[in-house]
Every structure is written in structure tokens, then in C-alpha cells.
Amino acid sequence: MTNQSQLTFEVYASRNIRLGDLEIARALPIRERKMVGPWCFLDRFGPVAFGETRPMDVAPHPHIGLQTVTWLLAGEVRHDDSLGYKAVVRPGGVNVMTAGRGIAHAERTPVENSGQLSGIQLWAALPDAHRDIDPAFESLAQVPILERPGGVIQLFSGTLEGTTSPAPHYSKIVGAEVAVKDGATLILKLDPDYEHALMLLDGDSTFEGRALQERKLYDLGTGRAAAALSSKRGGRVLLVGGPPFPEAILMWWNFVARTPEEIATARADWQDQRRFGEVAAYPGPRLEAPDLGRLAAPNPVS
Ligand code: MN
């Protein structure tokens, strides 16, 4: 039995990042917390209405050694990649791109859109045994839904309470949006071997009596078999987790690697138009890699 008083509960503020015209709250990585399980990156974007801000338009850029997971609360994002995949993700669905040894993609608001955007992008680091696999892409129109007395869980990645989302992952992992009904409490059953974190996405919610605030990451650590979320007026909460990642990773720009040499090679391959291919469906120029500098981490473009 874990002593309740030893359980982690830490609150971390996000960093504000500008991605083109979009204001982003970056919850991972931050100085205090590099990863939650295999999750090594978490951006919260929106909610925004176009008119006050311009739509999303992230030009082609490369990735290695990770999976990107795009989950929306409102609006839509079109993905195009160097394998030729094209997919528009909407609320309820998920886009999971496996970079493996290398892929390039672009993400933008499609021409026909709802005029709004709200969502998250996560990256999961690939473990050593799988990080050089072939790149791949999967789009699910609707992820598994777990109906509970206190609300509804949409499981976009990994396994929760015996249900597994069909998009492939290469470590034990969980990623879910938990919608808590107004006036209700929802009990999540957790794997105590996982570390978990929460983020309030909208509405209101309390975790074990503590009010959650938007754009903050609530680190729950390992050792929890359950988490109780309550809401007064209804709220949506992000749950992420997985076993502590057993390998030290090196993140630079949009690359997850192990050594500076791998990063330098990936950067050179992108700049010299090797390895990654081109995103033919994107009508503009690709992004240039930042200067390598001293491997001080430039902001990823997500
Ligand atoms: Mn990307």
C-alpha cells in the first residue's frame, strides 16, 4: 500500500509560446518536468475564433523518434505528410503520426472550417527498440468512448480501465479527455505503475477537493490506483500517463533522439532534402531548421 501522504501532487505553469499567429500554452517539456510517462511534449492551443486570430498554418517540418497526437475540443486541423497521407481531425477523432526514423508533415486549418480552434498536441517519445521504425500515420474518426456515471471518457491513446485505443503506441501509455457532468464526480481507475498528470481543458473541475486551473499541469506522480474528478457546472480534463520512461532522451526542435550527433544528422538531412521526403500537398515553402548552435533547445513548431 502506498501511503496517501507520500503521493505526488505538484502544479506547474505552462510557458506561453507564439506559433505563427497562435498563442500556445506549452505544458511539457518545462524545466521542472520533462516527461510524464512517454509523453515528452504537450501544447494547448486555443480556444480561438478566426477573425481575432488567423487559422493554424504550420508549414512542412520534420520529426524523428516520436509520435505526434492531435486531439481537438473544437474546430478542425488538416494533416498532410511526406508519405502522402491527408486527414482532417475533428473533435472525437485523433491523428496519430509515427515519425520513426523520419517523416515530414504540415498542419493547417482546412479551407472549409467552423471558424474556431481549440485542442492539444502531444508527443510520445519512441523507445529505443522502435525509434527507427518506418514512419506511419493513422487517423481515427472516433476514439473509444467510456460512459461512466459521472461523465464520459474519450480514450485517444493507449489503455485505460481495460479499454485500448486502436491507434498504435510503442510504450505503455494513456491519453484521454475526461468530461465530468455538472454536479457529478467521476472516478478514474488508474494503473499505479504509471505516472499521471491532469490539465483542465474547459469548464470547471476539482481533483480531490482542489480546484484545477486551465493551462496548468497537475503532476500526480506514480502510485495512484484512482483519481476522483468533480465538477459544479461541467468540465473537461486531460489525463496523460504511462510508466516512467526508462531512457534519457534528447529533444531539439522537432527531433527526439539520444545523442547530439543524431540531432545534427537529422537537421542536415532536412536542410539537404534527404531522408524525410516532401509534403507535396502543402502549397508553400517548408520550414527551415534553426541553427544548431550549442544544442540549446529551440522551440519546437509542433
Ligand atoms: Mn509537427
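Summing -39500 (n - 2.57) over the DSSP H runs of n ≥ 4 in the chain and dividing by its residue number, what mean residue ellipticity at 222 nm do you reach, to the nearest 500 deg cm²/dmol?
Calculated at 222 nm, the ellipticity per residue is -1000 deg cm²/dmol.
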Straight-line reach check, K181, cutoff 16 Å on alpha carbons, 8 or more apart in-chain or any other chain, hits among lysines -> K232
Residue span D57 to A264: 0.36 nm per residue of separation minus Cα-Cα distance leaves a gain in nm of 71.9 nm
Stretched fully, the stretch from R233 through L292 gains (0.36 nm per residue minus C-alpha distance, one decimal, in nm) 16.5 nm
Here, GluC sites (Glu not before Pro) of segment 205-265 satisfying both criteria (DSSP loop; at most 15 other Cβ within 10 Å) are E208, E247
Expressed in angstrom, Rg and Dmax over the Cα atoms of segment 181-297 are 20.5, 57
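What's the FRET efficiency of D219 with E278 using the Cβ-Cβ distance as r and R₀ = 41 Å, to the nearest 0.05?
Step by step, r from the Cβ atoms, then E = 0.55.
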Between the residues M35, V69, F137, the Cα farthest towards the positive end of the dipole of the chain, that dipole coming from +1 and -1 charges on the beta-carbon of Lys, Arg, Asp and Glu, is from M35
Given the candidates V256, L287, P55, the one whose Cα lies deepest towards the positive end of the charge dipole of the chain, counting +1 at each Lys or Arg C-beta and -1 at each Asp or Glu C-beta, is P55
For K34, the lysines lying under 17 Å Cα to Cα, once residues fewer than eight places off in the same chain are dropped, come out as K216
Sorting S114, S205, S14 on solvent-accessible surface, 1.4 Å probe, most exposed first, gives S114, S14, S205
Expressed in square angstrom to the nearest 10, the accessible area of Y218 with a 1.4 Å probe stands at 10 Å²
Spelling it out for F156: with amide H atoms placed in the peptide plane at 1.01 Å from N, the residues 5 or more places away or on another chain with amide H under 5 Å from its amide H are G175, A176, E177
Residue span V88 to R31: 0.36 nm per residue of separation minus Cα-Cα distance leaves a gain in nm of 17.2 nm
Taking only Cα atoms of segment 4-242, the Rg to Rh ratio with Kirkwood Rh works out at 0.94
With all protein chains present, segment 156-236 has a carbon and sulfur share of its accessible area (1.4 Å probe) in percent of 48 percent
For K189, the lysines lying under 17 Å Cα to Cα, once residues fewer than eight places off in the same chain are dropped, come out as K172
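The values are calculated or read from the model by the stated rules, or taken from the named source; none is laboratory data. None of these values were measured; they are calculated from a predicted model. Note: ideal-geometry Cβ built from the backbone for every residue, glycine included; neighbour counts use all protein chains shown. Side chains included, ligands, DNA and RNA excluded: accessible areas come from the protein's heavy atoms. Shrake-Rupley method; radii C 1.70, N 1.55, O 1.52, S 1.80 Å.
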